[in-house]
Amino acid sequence: MASVKLENLTKRFGDVIALDNINLDLADQEFFVLLGQTGAGKTTALRCVAGLEHPDEGGIFFDSQRIDNLTPAERDVAFVFQSHILYPHLTVYENMAFPLHPRRLPADEIEERVKEVAGMLHIEPLLERKPGQLSGGETQRVGLGRAMVRRPRLFLMDEPISNLDAKLRSEMRAEIKWRHRQLGTTMLYVTHDQIEAMSMADRVAVLDEGRIQQIGTPMDIYNSPTNLFVAGFVGNPSMNLLPCDLLSDGDRLFGRLTGSVQFEITDATVMHRLTALTKDTLVVLGVRPEDVIVGEQARPDAIALEVYSFEPLGAETIVELIIGKNELGGDLILRARAPATLSVKIGQTLNMAFVPERLHFFNHDTGQTIC
């Protein structure tokens, strides 16, 4: 097992900066996720840790020992790739045992390790099959098992379940998280899928264009995004982000989204931070769909809005409401999570209100969180 530290890590490919001064600390036995869009630098970071790429600047440390100049074999890491390429002419048993042969382990120890891991992953009946006889989920488990038999200091996983269908992805998320608990090994996991990050990680680092935007627990990042990028990227559906004017009336403070869509800001902490802004500061309102209350019944703080569209999802319905026009004349949409019992029709008028203590405000120009 190992703690891992990336210190001022920078990697360039020609004029492209893939990693820009990255700093990370992974605790021993931690499940740490790098989350970002395609091209954010996630895989490059993983390849640098594995020794498959050499950083241009900065250092990589395992248990406080600098390992930049060690070969991939000397680093004792297991790399699980997005596509599990198994040797087609070997059985599952032989594929799983393959990484152990260079270590010159006794045959009985190899057999013990393979069967132990096969038992963990419930693939004992597959050991005599060839890869061509496996389903997608079975192939994923064999690929994971081939890495697990090595008992490395560190697991590196590069979107290992992104090629599976939704049901299998759900099963494999639970499988990997459970195996991490059993093995007690440090894991650095890369994904663009926020569901994987939210459901599996002890901590998450959100990357964008080679820079770390925020590091924290999944719920910290979801509930307290540090900037507009994180707010818009984490969450499904994503956070509503809407230009907002601030209006004061004596001791009262109001937000105006567009036209007549106006709401009172009542949370004391939010009011204090917003009133401290200079008058020319432009702000963006952020509100999660679950913090938008919609219904047919009137309430004092409600605003009547027209339904643009809706998605019944069984357990809930995602409702899109028209709050006005954007700068290009298109409809400005607000998304809300509604109970499945709410009857919704396109063109229908629903009453909408915000959960006052769950509103977020961002600086329009810098993108940073105000409150």
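Every number here is computed from the coordinates shown, using simple stated rules; none is lab data. What you are looking at is a predicted structure, and each value in this text was computed from that prediction instead of being measured. Using ideal geometry, Cβ is built from the backbone for each residue, glycine included, and neighbour counts are taken over all protein chains shown.
Observations on the model:
- Over all pairs of different C-alpha atoms, the chain has a mean inverse distance whose reciprocal, the Kirkwood radius, equals 23.5 Å.
- Cα-based reach from LYS11 at 20 Å (exclusive), listing aspartates and glutamates while leaving out same-chain residues under 8 positions away: ASP20, ASP25, GLU53, ASP56, GLU57, ASP68, ASP158, ASP208, GLU209
- For the chain, relative contact order (Cα pairs under 8 Å, six or more residues apart, normalised by length) works out to 15 percent.
- Using the Cβ of SER3 as centre and a radius below 11 Å, the other residues enclosed give a net charge of -2, where K and R count +1 and D and E count -1.
- Qualifying trypsin sites (Lys or Arg not before Pro) in segment 247-308, where qualification requires a DSSP coil assignment and no more than 11 other C-beta atoms within 10 Å, comprise LYS279.
- Count Lys and Arg as plus one, Asp and Glu as minus one, and take only other residues whose Cβ is under 9 Å from that of CYS371; the net charge is then 0.
- Fewest-first ordering of ILE85, ILE318 by other beta carbons within 10 Å of each residue's beta carbon gives ILE85, ILE318.
- Per residue, the chain reaches -7000 deg cm²/dmol at 222 nm when only DSSP H runs of four or more residues are counted, each adding -39500 (n - 2.57).
- Global geometry of segment 240-363, whether rounded, prolate or oblate, following the gyration tensor of its Cα atoms and the 1.5 cut on a/c: prolate
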